[in-house]
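Written out below as structure tokens is the structure these notes cover.
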Amino acid sequence: MQQTIEEKIKTYFGFAIKSRAIIFGYDNIKDYRKKKKITVLVCKTASEKQKQKMQQFCELKNFEVYETINCTLEDFINRNCKFVAIENENLAKSIITNGEHFKILKRGEF
């Protein structure tokens, strides 16, 4: 039985949650202190002001930022969350490259 692209992305988010490689929420991402590069995913329903603030923060830290296009983050993680960061680079790439659900807002240097 073939998985749909949405189910694959949900599975990757599940892996990130189980491995504790995910950060939920604007404030938690801003408080991130590790030296690792993270990939930030922004829900299309987040306010423009919050999106701009997150983009500025990510430019300062040189993090990649992606925004959902035709879906919300809630569809994938079953939580009301507008900002999510993935610490595992391979999981982040898998989530972003599967399907046409994310567009880049700012590319960091990996």
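Most simply put, the chain has about 75% antiparallel DSSP beta bridges, counting only bridges with both residues inside it. Segment residue 61..residue 79, full-extension length gain: 3.9 nm, with 0.36 nm per residue of separation and the alpha-carbon distance subtracted. Look at the dipole of the chain built from charges on Cβ: of 39, 60, 4, the Cα furthest out on the positive end belongs to 60. Size descriptors for the chain: radius of gyration and Dmax over Cα atoms are 12.9, 44 Å.
When the helices of the chain are scored as -39500 (n - 2.57) per DSSP H run of n ≥ 4 and the total is divided over every residue, the value at 222 nm lands at -12000 deg cm²/dmol.
Multiplying the residue separation of residue 18 and residue 98 by 0.36 nm and subtracting their alpha-carbon distance yields 26.8 nm. Ranked by the mean number of other Cβ atoms within 10 Å per residue, highest first, peptides 25-35, 56-66, 84-94 order as 84-94, 56-66, 25-35.
Note on residue 89 and residue 50: the extension gain reaches 11.6 nm, defined as 0.36 nm multiplied by sequence separation minus the Cα-Cα distance. If R0 is taken as 25 Å, the Cβ-Cβ distance between residue 5 and residue 28 corresponds to a FRET efficiency of 0.35.
Each value in this text was obtained by applying a stated rule to the coordinates, not by laboratory testing. The structure displayed is predicted, hence computed values, not measured ones. A quick note on method: Cβ atoms are made from the backbone with ideal geometry, for glycine too, and the neighbour counts reach across all protein chains shown.
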